[in-house]
Amino acid sequence: MGQKYHAKLVNASEIIKKAHQNKYAVGHFNINNLEWTKALLEAAQEKKTPIILGASKGAIKYMGGYNLVVVIVNSLLDSLNITVPVALHLDHGQSVESCKIAIDAGFSSVMYDGSHHPFAENLKNTKEVVEYAKPNDVSVEAEIGTIGGEEDGCSVGTGEIGDPKEAAEMVETGIDFIAVGIGNIHGPYPTGWPGLNFQALEDIQDAAKIGIVLHGGSGIPQEQVKKAISLGVSKINVNTELQIAFVAAIRKYIEEGKDKPENGKGFDPRKLLKPGYEAIKATFDELISWFGCKGKG
Ligand code: 13P
């Protein structure tokens, strides 16, 4: 079973509960490769910040499979002497089976995203995931409503606002935190985006009482992020913003000709990726000061 493999990883339940009680949010940052994972772990350790590393189906496939992702993260926890709480979380698990595979591989947290199913089926499948996760000391996230846009090819939603009654029923399954559609969108926000629906967030929080997860955390204005946290958001998922920062920094490096053989050894991939790696750390630093989780590890 997964439990023995994630001895150092933490179940995300306690870190989210603590954030919820103390009105801050823990960052869920998606990982895409080794450099990404290392940058995030180092940044979290430097800032004494709890962190949730999210791995989507697409990223897991790209990185070499569930087991390899677990091995990479666990090995880095050792070699970098990471002491802050770190959870490894399956992002948008699309089936009960994929959640079970992640748990068996050693993920310490999973999301079952049944938002593409009718609610009754979403509820039934979430229950099955919770029953499998709990004996393995793995936390579970479920989703009600839908998140607009597309997340790494595995979650495509129309942005349906979550129903508080469904949230309350979902919480009865024993989940640890709940993702909700409140006008949030995966990927960059379009011009003219009306913003988060705070009334819906308040109503869902009243009904659910547990930590709310805000997906599509890239590009939401700071005042809206802060207000969402004050209304119960305690986990914020970010992927696109780090990707944009990573690429912009590497583009600058190339545009400055630093990769050209006539200018030295800048073509070495370790040198090429370094500005991207640094941009991830800087973006992480800025976002965690918005989330209020800096120093909470
Ligand atoms: P963004 O890519 O919009 O930051 O969303 C990430 C996310 O919600 C992962 O689940």
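Would you confirm whether any residue within segment 135-145 is in contact with a His (Cβ under 9 Å, 6 or more places away or on another chain), of a type in the set (S, T, N, Q) and either more than 24 Å from Ala12 (Cβ to Cβ) or in a strand (DSSP E or B) (or both)?
Taking segment 135-145 and keeping what is in contact with a His (Cβ under 9 Å, 6 or more places away or on another chain), we get 136-139, 141, 143.
Then keep just the ones that are of a type in the set (S, T, N, Q); that gives 136, 139.
The next check asks that each one be either more than 24 Å from Ala12 (Cβ to Cβ) or in a strand (DSSP E or B) (or both); those that pass are 139.
Looking for residues that are in contact with a His (Cβ under 9 Å, 6 or more places away or on another chain), of a type in the set (S, T, N, Q) and either more than 24 Å from Ala12 (Cβ to Cβ) or in a strand (DSSP E or B) (or both), one finds at least one in segment 135-145, hence yes.
To keep it simple, each residue is scored yes or no on (1) within 15 Å of the ligand (Cβ to nearest atom); (2) assigned to a strand (DSSP E or B); (3) surrounded by 16 or more Cβ atoms within 10 Å (Cβ to Cβ).
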site: Val69; (1), (2), (3): no, no, yes
site: Ile82; (1), (2), (3): no, no, yes
site: Ser115; (1), (2), (3): yes, no, yes
site: Ala120; (1), (2), (3): no, no, no
site: Glu131; (1), (2), (3): no, no, no
site: Gly149; (1), (2), (3): yes, yes, yes
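Just need a number here: residues in segment 230-269 that are more than 16 Å from the ligand (Cβ to nearest atom) and closer than 15 Å to Lys23 by Cα.
Of the residues in segment 230-269, 3 are more than 16 Å from the ligand (Cβ to nearest atom) and closer than 15 Å to Lys23 by Cα.
Please specify each residue of segment 90-113 satisfying the condition of being out of contact with any Asp or Glu (no Cβ under 9 Å at 6 or more places or on another chain), more than 13 Å from Leu53 (Cβ to Cβ), within 15 Å of the ligand (Cβ to nearest atom) and not in a helix (DSSP H, G or I).
Residues satisfying the conditions do not exist here.
Tell me which residues, restricted to segment 179-218, are within 16 Å of the ligand (Cβ to nearest atom), more than 14 Å from Ile229 (Cα to Cα) and of a type in the set (A, V, I, L, M).
Selection gives Ile185 alone.
Can you tell me which residues in segment 166-190 are within 19 Å of Asn239 (Cα to Cα) and surrounded by fewer than 24 Cβ atoms within 10 Å (Cβ to Cβ)?
Within segment 166-190, Gly183, Ile185, His186, Gly187, Pro188, Tyr189, Pro190 qualify.
Going by the structure shown, is Ala200 within 30 Å of Gln21 (Cα to Cα) and surrounded by fewer than 22 Cβ atoms within 10 Å (Cβ to Cβ)? So that I can check it myself, show each step before the final result.
Working: within 30 Å of Gln21 (Cα to Cα): yes; surrounded by fewer than 22 Cβ atoms within 10 Å (Cβ to Cβ): yes.
Yes: the conditions hold for Ala200.
Name the pairs whose Cβ atoms lie under 8 Å apart, with the first residue in segment 120-138 and of a type in the set (Ser, Thr, Tyr), the second in a helix (DSSP H, G or I), and 6 or more positions between them or separate chains?
Pairs found: Thr126/Met170; Tyr132/Val96; Tyr132/Cys99; Tyr132/Lys100; Tyr132/Ile103.
Laboratory data are not the source of any read-out in this text; all were calculated from the coordinates shown. The structure displayed is predicted, hence computed values, not measured ones. Note: ideal-geometry Cβ built from the backbone for every residue, glycine included; neighbour counts use all protein chains shown.
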